[in-house]
1. Which ones in the stretch 37-47 are among the basic types (Lys, Arg) and either open to solvent by 40 Å² or more (accessible area, probe 1.4 Å) or not in a helix (DSSP H, G or I) (or both)?
2. Name the one entry in Phe94, Phe39, Phe12 that is within 25 Å of Ala117 (Cβ to Cβ), more than 12 Å from the chain's Cα centre (by Cα) and not acidic (Asp, Glu).
3. Do we find a residue being closer than 15 Å to Asn110 by Cβ, part of a helix (DSSP H, G or I) and open to solvent by less than 50 Å² (accessible area, probe 1.4 Å) anywhere in the stretch 1-12?
4. If you take the residues of the stretch 26-36 that are open to solvent by 30 Å² or more (accessible area, probe 1.4 Å) and in a helix (DSSP H, G or I), which of them is farthest from Ile116 (Cα to Cα)?
5. Can you pull out the residues in the stretch 48-83 that are assigned to a helix (DSSP H, G or I) and charged (D, E, K, R)?
6. Can you confirm whether the stretch 67-82 contains a residue that is within 15 Å of the chain's Cα centre (by Cα), open to solvent by 30 Å² or more (accessible area, probe 1.4 Å) and among the basic types (Lys, Arg)?
Amino acid sequence: MADHVLLDLIEFLEKTNADVLRLEGEGEEALQADGQRDFQIKLEEKAKILSALGENAWKYTEKIEGALGAEISTRLEQFSMSAGAALRIGSVFFMTALLYPEDHKPGEPNDLETYIAELRQLV
């Protein structure tokens, strides 16, 4: 596998994560200023981005051969499936928790950031 494909995927995931973090921040601001409904709208945007993650990353993952490509695709689809489930049930709590383990502490990386770091070790 060419490292540039993995680097392109990492760049895509970093941009996606930045969008998610931005929406989480905007959601917190909206909750303070405008209330629950505006907060939920931002979380729904976050969940939509994550629900499409596997599909949107396909142009990168399909170029990664063998077990590694399958492993990466599976991991990204897990993120997508969780987000899709959160959207289907409409749970604000579930949408808030997307990418965060139960024992997450402020300042620690989210699950996507942790996965990006794992991928960086492969380059």
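1. Across the stretch 37-47, the qualifying residues are Arg37, Lys42.
2. Within the list Phe94, Phe39, Phe12, the selection yields Phe94.
3. No - not one qualifying residue is present in the stretch 1-12.
4. Filtering the stretch 26-36 for residues that are open to solvent by 30 Å² or more (accessible area, probe 1.4 Å) and in a helix (DSSP H, G or I), the one farthest from Ile116 (Cα to Cα) comes out as Ala33.
5. Lys48, Glu55, Lys59, Glu71, Arg75, Glu77, listed by residue number.
6. Yes, that holds for at least one residue.
The values are calculated or read from the model by the stated rules, or taken from the named source; none is laboratory data. Everything numeric here is computed off the predicted structure, so don't read it as measured data. FYI the Cβ positions are ideal-geometry reconstructions off the backbone, even for glycines, and counts take in every protein chain you see. SASA here: full protein model, heavy atoms, side chains in, ligands and nucleic acids out. Shrake-Rupley method; radii C 1.70, N 1.55, O 1.52, S 1.80 Å.
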